[in-house]
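Participant: Following this message is one structure expressed as structure tokens.
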Amino acid sequence: MVKFTGAHIVSIDQFQRADVDLIFEVADTMEPYALRKRVTRVLEGAILGNMFFEASTRTRISFGSAFNLLGGQVRETAGFASSALIKGESLQDTARVLSGFSDVICMRHPAAGSVAKFASASRVPVISGGDGDNEHPTQALLDLYTIRKEMKGKGRSIDGLKIAMIGDLRYGRTVHSLSKLLSLYKDVEFVLISPHELSLPKNILELVRSLGFKVSCSDHLTESIVDVDIVYSTRIQEERFPSKQQADLYRGRFRLNQAIYTEFCQPNTVIMHPLPRDSRSDANELDSDLDDNPNLAIFRQTDNGLLVRMALFAMVLDVVNKVEQYSYAARWYKERQN
Ligand code: CP
């Protein structure tokens, strides 16, 4: 098992199934704090350096909120323009400096391998928020945590799951990490739906196949989603293409809407997406007419991200057993009318 205390979290390759089970066990205990029913000050005085050198809404805010909810403070850099990296400072020097100001650092960067490089020079734990087209480990953990919850509600588990991954599987780092994570489980069946040019990278495909998992590849959406438990849709990662025109060749190829869902999916197929979904008319990979579908789990994914990231902070900073001790009931809390 991973020794979480003080560990960097940069790749799913670090984990075994027992590690993931432990993260999920701790994430479950974070719910009263994430819902703001209880307040914990366990990380009072601790500082998160939240360094995002690439656009983000949910990962950046979720990491920051998770740290705040544990009582810590957050310092942020967003984009290269406001960072000394633009003046030629190396990632390692940036890490040496920032690890003097922070107790843990979260980082997103457009280059594959950059977060591991940064972590190699950091004196404090570094958690990846995504490195280029490589990996997005905490997204995969929150995705799998969501899958586990959704399947449990249907009397099922992760073992034996059939999942369709749809869209840009080449550049989509969330599907890279999620494929590796699902490979820790048993009898998972992968249906990979993408244009041939945007297929899952060979090394990940070979890993999954070498472990004996059943994998099928297709570039037709409707015929491939008829008997899956999960459809996991993704955006065309335009920022990774040489030009917008090249991304446009694939945009809008695999659109899921309520009519298609009703005709082709099982009635309880869970719909997932790491978000952001591209809702522009030429893309619209997950139509807003699915928003009232109870199997649409996309906003449960984002809520679950808070729990998983709180768990990771508590584990790497070794305070899991002190969270409750330093907690009290929120004075202002009223049950929400959702
Ligand atoms: N899922 C995800 O990484 O979203 P952001 O780009 O908004 O962080």
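Participant: Rounded if a/c is under 1.5, else prolate if a/b is larger than b/c, else oblate: which is region 137-299, with a ≥ b ≥ c the root eigenvalues of its Cα gyration tensor?
Facilitator: It is oblate, given that a/c is not under 1.5 and a/b is not larger than b/c.
Participant: Quick one: pull the percent of accessible area on the chain belonging to carbon and sulfur, 1.4 Å probe, ligands and nucleic acids left out.
Facilitator: Carbon and sulfur together cover 49 percent of it.
Participant: What does the charge count near SER128 come to, summing +1 for each Lys or Arg and -1 for each Asp or Glu among other residues with Cβ under 9 Å from its Cβ?
Facilitator: Taking every other residue near SER128 into account, the sum is -1.
Participant: With every protein chain kept in the model, how would you rank LYS87, LYS152, LYS162, LYS244 by accessible area, 1.4 Å probe, largest at the top?
Facilitator: LYS87, LYS152, LYS244, LYS162
Participant: State, to one decimal in nm, how far the label point of ASP93 lies from the label point of ASN268, with both points 7 Å from Cα in the Cβ direction.
Facilitator: 5.8
Participant: Could I ask something else about it? How much length, in nm to one decimal, is gained on full extension between VAL215 and ALA329, taken as 0.36 nm per residue of separation minus their Cα-Cα distance?
Facilitator: 36.2 nm
Participant: Something else about it: Which value in nm describes the separation of the simple spin-label points at SER243 and SER83, placed 7 Å from the Cα toward the beta carbon?
Facilitator: Each label point lies 7 Å from its Cα, and together they span 2.9 nm.
Participant: Still on this model: Mind checking which lysines have their Cα closer than 25 Å to the Cα of LYS186? Skip sequence neighbours fewer than 8 apart in that chain.
Facilitator: Within reach: LYS3, LYS149, LYS152, LYS154, LYS162, LYS202, LYS214.
Participant: Shifting gears a bit: Measuring with a 1.4 Å probe in the full set of protein chains, what accessible area per residue, in whole Å², belongs to the chain?
Facilitator: Here the residues of the chain average 44 Å² of exposed surface.
Participant: On a 0 to 90° scale, report how tilted helix 91-101 is relative to the longest principal axis of the chain, with both axes built from alpha carbons and the result rounded to the nearest 10.
Facilitator: With both axes taken from Cα atoms, the answer is about 50 degrees.
Participant: Now for a different question. For a bin width of 10 Å, list the pair-distance distribution of region 118-233 built from all Cα-Cα distances, rounded to whole %.
Facilitator: Spelled out per bin, shortest first, that is 14, 44, 31, 9, 2, 0.
Participant: Follow-up question, since we're still on this one. Could you identify which residue out of GLY71, GLY129, GLY153 has the top mean-square fluctuation in a GNM of the chain using Cα springs shorter than 10 Å?
Facilitator: GLY153
Participant: Sticking with this structure for a sec: Ignoring everything but the protein chains, give the 1.4 Å probe accessible area of THR262 in square angstrom, nearest 10.
Facilitator: Surface accessible to solvent at THR262 totals approximately 100 Å².
Participant: Please arrange HIS109, HIS8 by accessible surface area, largest first, computed with a 1.4 Å probe and ligands excluded.
Facilitator: HIS8, HIS109
Participant: In the P(r) worked out for region 1-75, what percent of Cα pairs fall beyond 14 Å?
Facilitator: Cα-Cα pairs of region 1-75 separated by over 14 Å account for 70 percent.
Participant: Check each of the trypsin sites (Lys or Arg not before Pro) in region 11-42 and keep only those in coil by DSSP with at most 10 other C-beta atoms within 10 angstrom; list them in order.
Facilitator: none
Participant: Using a 1.4 angstrom probe on the protein heavy atoms only, line up PHE313, PHE254 by accessible area, largest first.
Facilitator: Final ranking, largest accessible area leading: PHE254, PHE313.
Participant: Translational diffusion coefficient, Stokes-Einstein: compute it for the chain using the Kirkwood radius over C-alpha pairs as Rh, at 4 °C and 1.567 mPa s, and state it as an integer in µm² s⁻¹.
Facilitator: 63
Participant: Pick out, in residue order, every one of the trypsin sites (Lys or Arg not before Pro) in region 271-338 that is DSSP loop and has at most 15 other C-beta atoms within 10 Å; say none if there are none.
Facilitator: ARG280, ARG331, LYS334, ARG336
Participant: Now for a separate question. Starting from the 7 Å offset along Cα-to-Cβ, what nm value, one decimal, do you get for the label separation of ARG300 and PHE101?
Facilitator: Between ARG300 and PHE101, the simple spin-label model gives 4.0 nm.
Participant: Given the -39500 (n - 2.57) contribution per DSSP H run of 4+ residues, what per-residue ellipticity at 222 nm results for the chain, rounded to the nearest 500 deg cm²/dmol?
Facilitator: Computed mean residue ellipticity for the chain: -10000 deg cm²/dmol.
Participant: How far is helix 17-29 tilted, in degrees, relative to the longest principal axis of the Cα atoms in the chain, given as a value from 0 to 90 rounded to the nearest 10?
Facilitator: 70
Participant: Below 11 angstrom from the Cβ of ILE166, what's the summed charge of the other residues (Lys, Arg +1; Asp, Glu -1)?
Facilitator: 0
Participant: Right, here's the next one. Between the DSSP loop rule and a limit of at most 16 other Cβ atoms within 10 Å, which trypsin sites (Lys or Arg not before Pro) in region 106-149 are left?
Facilitator: When the trypsin sites (Lys or Arg not before Pro) of region 106-149 are filtered for loop state and at most 16 Cβ neighbours within 10 Å, ARG123 remain.
Participant: Give me the number: length gained by fully extending GLN258 to ASP318, i.e. 0.36 nm times residue separation minus the C-alpha to C-alpha distance, one decimal in nm.
Facilitator: In short, 17.1 nm is gained.
The values are calculated or read from the model by the stated rules, or taken from the named source; none is laboratory data. The model shown is predicted, which means the values in this text are computed figures rather than measured ones. Don't worry about glycine lacking a Cβ; one is built from the backbone with ideal geometry, like all the others, and counts go over all protein chains shown. For accessibility, only protein heavy atoms count, side chains too; no ligands or nucleic acids. Shrake-Rupley method; radii C 1.70, N 1.55, O 1.52, S 1.80 Å.
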